[in-house]
Every structure is written in C-alpha cells, then in structure tokens.
Amino acid sequence: MKKIALITGISGQDGSYLSELLLAQGYEVHGIIRRNSLPENQDSRIKDLDVITHYGDLLDAASINRIVNEVQPDEVYNLAAQSHVRISFDMPSFTIQTNALGVLNMLEACRSLKKRVKFYQASSSEMFGNSIDEDGYQRKTTPMNPTSPYGCAKVMAYNLCKHYRKAYDMHVCNGILFNHESPRRGSNFVTNKIVKGAVEIKKGKRKTLALGNLDASRDWGHSKDYVKAMHLITNHESPSDWTVATGESRTIRDMCEITFKVLDMDYRDYITIDSRYLRPHELNFLKGDSSEIRNVLGWKPEYTFDSMVGEMVNHWMEII
Ligand code: G4F
C-alpha cells in the first residue's frame, strides 16, 4: 500500500521539492492550496507534478478537518505559513493567526483521526531572535527570544507541537530549519532578490539594486537538502525536535560580493540602501549546530554555498 502524505504549503519552494522527494519514494502526495485570483500563481512550482490538490486554508478549520478526514494521511507536513519576516511587521495579526492558530487547527484535525499520523511542523531559526550560545551557534536548547511577529508565532506553534506530543502522545516533530534557498525561492527574499537583480544588471535590464541591512548574517542551505531532513525527522521512530543548518554564516554583503563576482561585477558599483527594506527589529546573526541530526539521522547537505549560488545564477541567466 502506498503511503499517503498531506502537505500544507505544497505550492511553495519547500512544498514543491518535498513533493518531488515523496513521489520518487512512491508516496501518494496530497496538498492544500488557497484560492488565488490568478491560479497560475498558485501552482507554478507544482503544475508538472503528479500531486492531488485540495482547496483549503489553515484558518478555515472546517476545510482543514474535511481534507484531513478525506485524505487519511500517514504523514502531514505543515509547511504553510505567512513566511516573510519583513511582511509580518505589516500584517502581524494575519501572521500570528496563520502561523500559530493555523498550526493548532492542523494539530486538532490530526488528533481527531483514528489512525496515528506523523506530523511535521516547519519551525524556524527566526524563533531564536538574537540569542546565541557561548560557542557562537544556535541549537534547539538556545533560548528563544523572537524579534518579529513571525518569530513569535513560530515559537507558539513550536510549543503547541511539543504540547500535543506530550499531552496526547502524538507523533509530532519540529524541524528548526535555518534559512534555505534555491531558484524556486520567492524573489522578495534576499538571496533570490540579489541573484535576480544582479543578472538583470548584467543583462542591462536595470542599473542598481536597492537592499536593506547588509550586515545581518544568515546560515543559508539549499531547500532540496532541507526537505530530505524533513522526511528523516518525520520518519524517525521517536518524535522529537531537530535543528537543521549548514553551520556556516555569511552576511548579506558577502552574498552580494559572491554573486556579483560570479557575474564579473563589483557589487559596490550597483547596490543602494533603501530604508523600506529595513526591519523595526532585526535578527543580526544566525549559525546553526546541526550535529544531532547529522549524527543520529545521518543527514548531510549535498549543496555547498557556492554550488547553490551557481545554480541560482544559472537559473536567472536562462530566464532573463
Ligand atoms: O531573505 P530574508 O527575507 O529571510 P529571513 O528574514 O531571514 O527569513 C527567512 O528565513 C527564516 C529562517 O531563519 C524563515 F523562517 C523565514 O520564513 C524566511 O524563510 O532576509 C534575510 C536577511 C534579513 O536580515 C534582512 O534584513 O536579509 C536582510 N535584507 C537586506 N536587504 C533583506 C533585504 N531581506 C529582504 N527580504 N529584502 C531586502 O531587500
């Protein structure tokens, strides 16, 4: 019998890579999508995949209950979210509802199922805020001091998942994933914004690229590697919480320098600073310790930072 997976946020970067991984392993893959006035915006990443989609919304508990009951999943990957940290300052209420109460709706829907479902929650390094352990890393034991409505909501969802695991003996896992990118990343996130902008400059389509804080530092991996971690985490015999990261941190300035260099340009000639892209409260530095998932589950990223940037540059060079 085929295993059945249900992915919320299936149309996003991670949802599409995870669908490919699960289909390749013989799963029947279902996903929840929201209604959009331009349907092609909704399925551009998954239109060629053999997945079954259902209309629903994490905030519409009736739709979630109906889908979970119809699909009877063995594994649920809860990836849906208002995932943009900067936008969470503009839409705090929507972000908190979707990213925290939406998770509660999913957990409740799964709790009501007769079968024991494995539940994966997309937790985030944004939960740490500016906490750093003495050795310079963040890990699941690092205090969580979020610096955005997005981070606050993710902390609540993280704790709800731990609570449901203990209170109802459910197989609920958190993957605390550090930033992960790819050509499929939305181009309003900084990596793809830089790569796309640099290629546009290279091809004479624009003269400059406006960014916000260049001094923040992130631990960037590749989404394709990180969805493998999601699957390993969910299928480990005992449900737990795991940190997924590369262990390398680079500033936004480094990202600009490397990307423009690949295209034989000097970023200093093209980058401008626009305060619209600054945040009311910034998370300054992320570097994750993923030794537990590497040692216990054997997870190891295949991409390096350079191979990831190279793939993103090639993608935009072909499209633009
Ligand atoms: O690419 P970003 O928007 O990602 P951010 O805020 O780190 O969040 C991402 O990673 C989290 C995991 O830690 C996820 F939970 C979350 O869903 C998302 O995937 O911004 C990265 C950094 C920030 O410090 C930001 O201030 O880049 C800085 N930045 C500088 N200029 C910019 C820009 N970010 C964006 N989006 N646009 C800019 O023009």
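The values are calculated or read from the model by the stated rules, or taken from the named source; none is laboratory data. This one's a predicted model, so the numbers in the text were calculated from it and none came from an experiment. Here Cβ is always computed from backbone atoms with ideal geometry, including for glycine, and neighbour counts include all displayed protein chains. Remember, those area values only see protein heavy atoms, side chains included, never the ligands or the DNA or RNA. Shrake-Rupley method; radii C 1.70, N 1.55, O 1.52, S 1.80 Å.
Just to confirm, what accessible area per residue do you get for the chain at 1.4 Å probe, in whole Å²?
45 Å²
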- Taking Cα atoms, the helix 223-235 axis meets the longest principal axis of the chain at an angle in degrees (rounded to 10) of 20 degrees
- Note on the structure: Taking r as the C-beta separation of ILE52 and HIS163 and R0 as 41 Å, the FRET efficiency to the nearest 0.05 is 0.85
- Item | Flagged links, alpha-carbon separation over 29 Å, of LYS3/LYS224; LYS47/LYS140; LYS47/LYS261 | LYS47/LYS140; LYS47/LYS261
- Message: Placing unit charges on C-beta atoms (Lys and Arg positive, Asp and Glu negative, everything else neutral), compute the dipole magnitude of the chain about its Cα centre in debye, rounded to 20.
- Response: 520 debye
- Note on the structure: For ARG45, other-chain or 5+-apart residues with amide H closer than 5 Å (H placed, Pro excluded) are none
- Could you give the nm distance between label points at SER112 and LEU214, where each point is 7 Å from its Cα heading toward the beta carbon? 5.3 nm
- Item | Net length gained if the chain between LEU23 and ALA62 were fully extended (0.36 nm per residue, minus Cα distance) | 11.3 nm
- Message: Show me the ranking of peptides 193-204, 46-57 by mean Cβ neighbours inside 10 Å, starting with the highest.
- Response: 193-204, 46-57
- Message: Sorting check: for 116-124, 159-167, which peptide has the highest mean count of neighbouring beta carbons within 10 Å, and how do the rest follow?
- Response: 116-124, 159-167
- Task: Could you look at the chain and say what percent of its accessible area is carbon and sulfur, using a 1.4 Å probe and all protein chains?
- Result: 49 percent
- Message: Could you give each residue of segment 28-40 its phi-based ³J(HN,Hα) in whole Hz, using Karplus coefficients 6.51, -1.76, 1.60 with θ = phi - 60°, and x for Gly or Pro?
- Response: 8, 10, 10, x, 9, 10, 9, 5, 9, 5, 10, x, 5
- Take the Cβ-Cβ distance between ASN188 and GLU282 as r, set R0 to 25 Å, and report the resulting FRET efficiency rounded to the nearest 0.05. 0.90
